[in-house]
1. Looking only at segment A:220-237, count every residue that is aromatic (Phe, Trp, Tyr) and in contact (Cβ under 8 Å) with a residue 12 or more places away in the chain and tell me the total.
2. Of all residues in segment A:200-229, how many are away from ligand 1 (no atom under 16 Å from the Cβ) and in contact with a Leu (Cβ under 8 Å, 6 or more places away or on another chain)?
3. Can you name the helices (runs of 4 or more DSSP H) wholly within segment A:110-168 that have at least 2 residues being hydrophobic (A, V, I, L, M, F, W, C) and touching a strand residue (DSSP E or B) at 6+ places or on another chain (Cβ under 8 Å)?
4. Are any of the residues in segment B:71-88 open to solvent by 50 Å² or more (accessible area, probe 1.4 Å), closer than 23 Å to B:Ser29 by Cβ and of a type in the set (Ser, Thr, Tyr)?
5. Please list, ordered by residue number, the strands (runs of 3 or more DSSP E) wholly in segment A:3-95 having 1 or more residues that are in contact with a Leu (Cβ under 7 Å, 6 or more places away or on another chain) and either free of Cβ contacts under 8 Å to residues at least 60 places away in the same chain or within 13 Å of chain B (Cβ to nearest Cβ) (or both).
6. Are there any helices (runs of 4 or more DSSP H) wholly within segment B:1-116 with 3 or more residues that are within 12 Å of chain A (Cβ to nearest Cβ), and if so which?
7. Inside segment A:35-51, can you point out the residues that are under 10 Å from A:Leu99 (Cβ atoms) and either more than 16 Å from ligand 1 (Cβ to nearest atom) or of a type in the set (Phe, Trp, Tyr) (or both)?
8. Quick check: is even one residue across segment A:121-139 within 16 Å of ligand 2 (Cβ to nearest atom) and open to solvent by 60 Å² or more (accessible area, probe 1.4 Å)?
Amino acid sequence: MIKMEVTRFRPGEDDAPIVQSYEVPLRKEWAVLDGLNYIKDQLDGTLSYRWSCRMGICGSCGMTVNGKPQLSCATFLTDYAPGPVRVEPLRNFPVIRDLVVDISDFMTKLPKVKPWLIHDGEVPEDEFLQTPREMDEYKKYSMCINCMLCYSACPVYALEPEFLGPAAIALGQRYNLDSRDDGALERRDVLASAAGAWACTFVGECSTACPKGVDPAGAIQRYKLTAAVSALKDFLLPRGARR
Amino acid sequence: MSAYRQPVSAFWWLRQWSYLLFVLRELSSVFVAWFVVYLLLLVAAVGDGARAYEDFLAWSGHGWVLVLNLVATAFVLLHAVTWFALAPRAIVVPRVPPWAVLVAHYAAWALLSAGVAWVVLR
Ligand code: SF4
Ligand code: FES
């Protein structure tokens, strides 16, 4: 058995979260999420948390496990033996109930970076062609599952909630770097704003926290350079030569 | 029914080594600024002739100035090293491996330092 210390918050009843402890079986193949499922099935049906795929794809099971943002389906109980395992909601987001957080802030920011292909000119008849090398340019940024671990790890987001944030900027870059896309200029006002890439002070924890190897910190630093160069071009070059 | 806003502790930067390092790096800009001021003082002293330069050297030899400059050196080194570590992630050149970007930065640093040393020690 292993002890799980789970943060509970019941809206309308509790003023602040409380910690509740449960003993769950310690099994080699059990992730933290399996422990929570055991609690919900066997011990306390009122516990609320999100999950869906159990395989690191859907991005819904993010939680703070022993102080670090983790996907609870990809974090194993045995790694915390003999325990206890502290399970808290993701930091930097309002808590709706128990381990369920409200990510609507991200949902309003995400469309601002226009995370879709913006194509000038003719759309090809059958499909867009792209070489493997062109795909490598943006592939890692396209792996994002919107799990919000990066926002939870970011002290800049904690202190400046207007910050666009790691995943949104990385997703903007994902399209900027796509050979089929011509939308970089349209995204620039948002990405290069004070609340965009420039708010980042390169703590780097978003990339450490990311379970999909997206490297949002790298995407942001790279974008800063792009934004600086393009601002310089605006300043120096006549209109026609800009690009 | 209202959501619970999780407070940010005033000591959040002590929670993790990487956060502390980040705060120290932010702080390092103060010392970078100090070195700029120190350099300007040096240039002014040189401009004012041999006497002023001697005075400046004597002042620089004071214990507290030495300690301040040593601390500042440590912070400026931290600043430079973390800045260089970041460079390969900001500068992505096709077909150039990230380590080469890093090495190029250190090489440029060494070269410039050698140039400065040559001018000063000549
Ligand atoms: S960038 Fe990584 S940590 Fe951030 S939301 Fe996407 S997958 Fe999650
Ligand atoms: S349950 Fe889907 S990522 Fe964990």
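The values are calculated or read from the model by the stated rules, or taken from the named source; none is laboratory data. Everything quoted here is computed from the prediction, not taken from an experiment. Cβ placement follows ideal geometry from the backbone for every residue including glycine, while neighbour counts extend to all protein chains displayed. Note: areas computed on protein heavy atoms with side chains; ligands, DNA, RNA excluded. Shrake-Rupley method; radii C 1.70, N 1.55, O 1.52, S 1.80 Å.
1. The first filter runs over segment A:220-237 and keeps only residues aromatic (Phe, Trp, Tyr), leaving A:223, A:235.
Within this subset, residues satisfying the condition of being in contact (Cβ under 8 Å) with a residue 12 or more places away in the chain are A:223.
Residues flagged as aromatic (Phe, Trp, Tyr) and in contact (Cβ under 8 Å) with a residue 12 or more places away in the chain within segment A:220-237 amount to 1.
2. Step one: filter segment A:200-229 for residues away from ligand 1 (no atom under 16 Å from the Cβ), giving A:201, A:224-229.
Restricting the remaining residues to those that are in contact with a Leu (Cβ under 8 Å, 6 or more places away or on another chain) gives A:227.
Residues flagged as away from ligand 1 (no atom under 16 Å from the Cβ) and in contact with a Leu (Cβ under 8 Å, 6 or more places away or on another chain) within segment A:200-229 amount to 1.
3. Numbers: elements: A:132-136, A:149-153, A:155-159.
Those helices (runs of 4 or more DSSP H) span A:149-153.
4. So the first thing to find is which residues in segment B:71-88 are open to solvent by 50 Å² or more (accessible area, probe 1.4 Å), and the list is B:71, B:73-74, B:77, B:79, B:81, B:83, B:85.
Filter once more, so that each one left must be closer than 23 Å to B:Ser29 by Cβ: B:71, B:73-74, B:77, B:79, B:81, B:83, B:85.
So of that shortlist, the ones also of a type in the set (Ser, Thr, Tyr) come out as B:73.
Within segment B:71-88, one or more residues are open to solvent by 50 Å² or more (accessible area, probe 1.4 Å), closer than 23 Å to B:Ser29 by Cβ and of a type in the set (Ser, Thr, Tyr).
5. On the way: elements: A:18-24, A:62-65, A:68-71, A:85-88.
Result: A:18-24, A:62-65, A:68-71.
6. On the way: elements: B:17-47, B:50-60, B:63-90.
Helices (runs of 4 or more DSSP H) meeting the threshold: B:17-47, B:63-90.
7. Narrowing segment A:35-51 to residues under 10 Å from A:Leu99 (Cβ atoms): A:36, A:47-51.
Once the filter is applied, which keeps residues that are under 10 Å from A:Leu99 (Cβ atoms) and either more than 16 Å from ligand 1 (Cβ to nearest atom) or of a type in the set (Phe, Trp, Tyr) (or both), segment A:35-51 yields A:Leu36, A:Leu47, A:Ser48, A:Tyr49, A:Trp51.
8. Initial filter on segment A:121-139 (within 16 Å of ligand 2 (Cβ to nearest atom)): none.
Checked against the condition, which is being within 16 Å of ligand 2 (Cβ to nearest atom) and open to solvent by 60 Å² or more (accessible area, probe 1.4 Å), segment A:121-139 yields no hits at all.
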